[in-house]
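Here the structure is laid out as structure tokens; the discussion comes afterwards.
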Amino acid sequence: MTAGCADAPFGAGASRRGDDDVDAEQIMDYHASTVVPLRSRILDEHRELAADLPEPARSCLMTVIEELPVHRLPARPVLTYLGWLLAGGDAESHAPAFAAIASEFFHEAGLIYDDIVDSSHHRRRQPTVWAAYASLHAEEPWAGSFGRGVALWQGALLLRWAEDAFARALLAVEPSCVSGAQHVWRRSAADLWASQHIDLVISAQEGNTGPPGSAERVVTLKGRYVALLPLQIGCALAGGEPSLMAALSAYAEPLGRAYILRNDLEGVFGTARSKPPNDLRERRLSMLIGYARATATGRQAGVLDLAGREDLSDAQVREIKSVLEATGARARAERAVLTLAEEARTAAGWGAFPAGARSVLEQNVDTALSFHVLAP
């Protein structure tokens, strides 16, 4: 499967493919050709288990299975496979596919929890899990508590599915690669938890006036899930060398920050067809607000103080957005996205990667930047 692994945190025994190229077309097709069919097989196994459950659990679990969306970002499984190949992994192995599916289940659980925390009623233009169940008893005072309770347990189930899928990935690799892959997997969970914890705790203490460094740390930690985790998971499963891990990090860290920052822009300046621009009604850390405060007048600072209130009127939201435009905060954030993206492109072309891999990495930058749609 691989050239071998060491017991170092990321594995040091396997060499990357060096000057050997990788097939860019094969990599880009990996999601449809391998991950989706394997995912369907796993969900069929869960259907069999659901059939033995009593109602209403059986029908609920069937709904979870049927409505579980396929990767919104096929780039994640593609990057997992690329990291695997660059570290010398067997092109026919299912190990990176199992890892990609595990990341997907973990991500979907995180979205359920995120919607509960933010009291979000819609995601992907559909009711969120907690809101859908709450609506079943909308006239009751306990409807919200009921919906959140059901959603919490659904998230817990998906986390268990994630761990099961990742365990299958570990069974498909050399035993000496297991500890390195587990290290990356555990670190990704810790990073994601830390990003949410910092966001919640600091914003509760200081609202959107929190120190800019805190917002930057949150962006960095969240961003690692975008590209760094899939690349390093694939690499670690195949026993990639520390030098390859470092090269992947140099590419993925700025790309992840660019993606999250553009997502934050969409949360304020998105269109009706993209992410609903409701972030200004959420009490959360924001680099946009931080940028605006750096140059805001006294009156503008007073307007910015309104951000984070759930009861903001549409007129107040428009006023805050106007301040973000007038202070140059939006333009500064958009420039930062482009700068970070260029940093990722530069890292992709350093020469540490064969031509086919560079093509995939550069294409992934364009995909990441086009995912979130902003209004003019």
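The values are calculated or read from the model by the stated rules, or taken from the named source; none is laboratory data. This is a predicted model, so every value here is computed, not measured. Counting neighbours? That spans all protein chains shown, and the Cβs are built from the backbone with ideal geometry, glycine included. Each accessible area value is taken on the protein alone, full model and side chains, heavy atoms only, with ligands, DNA and RNA left out. Shrake-Rupley method; radii C 1.70, N 1.55, O 1.52, S 1.80 Å.
Within the chain, which DSSP H helices have Cα atoms that stretch 27 Å or more along the helix axis and a mean Kyte-Doolittle hydropathy of at least -0.5? All intermediate terms of the calculation are to be shown ahead of the outcome.
Values: long enough: 95-118 (34 Å, 0.66); 143-171 (43 Å, 0.59); 178-206 (41 Å, -0.12); 242-269 (39 Å, 0.36); 329-348 (28 Å, -0.19).
Helices meeting the criterion: 95-118, 143-171, 178-206, 242-269, 329-348.
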Quiz prompt | Built amide H within the under 5 Å cut-off of GLY270, gap 5+ | solution = ALA375
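At 222 nm, what helix-only mean residue ellipticity would the chain give, in deg cm²/dmol to the nearest 500, using -39500 (n - 2.57) for each DSSP H run of four or more? Display every interim value, and only then the final one.
Values: 16 runs with 247 residues, N = 376.
That calculation yields -21500 deg cm²/dmol at 222 nm.
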Practice problem: Calculate the radius of gyration of the Cα atoms of segment 243-376 to one decimal place, then report Dmax, the largest Cα-Cα distance, as a whole number, both in Å. | Solution: 17.2, 54
Practice problem: Extending each Cα 7 Å along its Cβ direction at ARG186 and PHE146, get the distance between those two points in nm, one decimal. | Solution: 4.1
Quiz item: When the accessible area of segment 188-265 is split by element with a 1.4 Å probe, what percent falls to carbon and sulfur?
Solution: 61
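What is the ratio of the Cα radius of gyration of segment 77-118 to 2.2 N^0.38 Å, where N is its residue count, to two decimals?
On the way: Rg = 13.6 Å, N = 42, 2.2 N^0.38 = 9.1 Å.
With N residues counted in segment 77-118, Rg over 2.2 N^0.38 Å equals 1.49.
If you take every residue apart from ALA227 with its C-beta less than 11 Å away from the C-beta of ALA227, what net charge results, scoring Lys and Arg +1 and Asp and Glu -1?
Cβ neighbours under 11 Å give a net charge of +2.
Report the full-extension gain for the segment ARG58 to ARG299: residue separation times 0.36 nm, less the Cα-Cα distance, to one decimal in nm. Write down the numbers at each step before the final one.
Details: separation 241, 0.36 × 241 = 86.76 nm, distance 5.63 nm.
Extra length from ARG58 to ARG299 when fully extended: 81.1 nm.
Students often check this: by mean Cβ neighbours within 10 Å, which of 169-179, 85-95, 333-343, 284-294 ranks highest, and how do the rest follow? Intermediate values should be presented prior to the final figure.
Details: 169-179: 19.3, 85-95: 21.3, 333-343: 17.1, 284-294: 23.9.
Those peptides, ordered most packed to least, come out 284-294, 85-95, 169-179, 333-343.
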Quiz item: Counting only heavy atoms of protein chains, what accessible area per residue, in Å², does segment 132-282 have with a probe of 1.4 Å?
Solution: 41
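Computed over the Cα atoms of the chain, what is the ratio Rg over Rh, Rh following Kirkwood? Kindly include the intermediate steps, with their values, before the conclusion.
Details: Rg = 21.6 Å, Rh = 21.8 Å.
Rg/Rh for the chain comes to 0.99.
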Practice problem: Write down the Å³ per residue value for the convex hull defined by the alpha carbon atoms of segment 33-86. | Solution: 76
Quiz item: In the neighborhood of ALA134, defined by Cβ-to-Cβ distances under 14 Å, what is the net charge if each Lys or Arg adds +1 and each Asp or Glu adds -1?
Solution: -2
Quiz item: Once segment 288-357 is represented by equal point scatterers at the alpha-carbon sites, with solvent omitted, what log10 I(q)/I(0) does the Debye formula produce at q = 0.17 Å⁻¹?
Solution: -0.65
